[in-house]
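Visitor: The structure is given below, and queries will be raised subsequently.
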Amino acid sequence: MGRKRQGSGMELTAADALPAGYAVFLEDLKTRVHSAQLRAAVAVNTELIQLYWDIGRGVVERQRTDGWGSKVVNLLGRDLQVAFPGVGGFSRQNLYRMRAFYQAYSEPGPIVSQAARQLDSPPPAVAALPWFHNVTIFERVKDPEARLWYARATREFGWSR
């Protein structure tokens, strides 16, 4: 009488013993695949956060130097959505969030030095968080020092939004 191996679609009989070391090899591969998937997800998130930082910086700079107003930002959002159909994240509201994200960590404040204005990327603890974790923090926490504390704690303790 055969025994069906779960999920494999293969019938195994009692005579079909697994080769020596197979189970250990399989577990090792599963661990490595899972680890690679996590690293890929972290890399994608880091790139997305950097992109949103760069877009936010670009909008802030254009508003300062070229006087861009809300109509231009709205147009930018529509044009990006047309250029990248099916790709989320380029709504008018999210463009304003990108702008606020950049300003939250680059604008000089009581604890942020003038040199911080020149940042090319968000602080490491911030860059490691998913986008909507960041949105939740910078929309709800106005104090720059507290924002960084929440970003670090969220990363360290794995807090959800």
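Visitor: Ranking request for peptides 74-85, 47-58, 29-40: highest mean number of other beta-carbon atoms within 10 Å first, then the rest in descending order.
Guide: Numbers: 74-85: 12.7, 47-58: 17.3, 29-40: 10.0.
Ranking, from highest mean packing down: 47-58, 74-85, 29-40.
Visitor: Describe numerically, in nm with one decimal, the distance between label points set 7 Å from Cα along Cα→Cβ at residue 29 and at residue 155.
Guide: Between residue 29 and residue 155, the simple spin-label model gives 3.5 nm.
Visitor: Right, something else. Can you figure out the FRET efficiency of residue 83 with residue 20, using R₀ = 41 Å and their beta-carbon distance, to the nearest 0.05?
Guide: On the way: r = 56 Å, r/R0 = 1.36.
Efficiency, from the Cβ-Cβ distance: 0.15.
Visitor: At 1.4 Å probe size, with the rest of the protein present, what percent of the exposed accessible area of the range 22-135 is carbon and sulfur atoms?
Guide: Working: 4170 of 6810 Å².
Heavy-atom surface of the range 22-135 belonging to carbon and sulfur, 1.4 Å probe: 61 percent.
The values are calculated or read from the model by the stated rules, or taken from the named source; none is laboratory data. In this text the structure is predicted, and so the values were computed from the model without any measurement. Cβ atoms come from the backbone with ideal geometry, glycine included; neighbour counts cover every protein chain shown. Ligands, DNA and RNA are stripped out before the accessible areas are found, and what is left, the full protein with its side chains, is counted by its heavy atoms. Shrake-Rupley method; radii C 1.70, N 1.55, O 1.52, S 1.80 Å.
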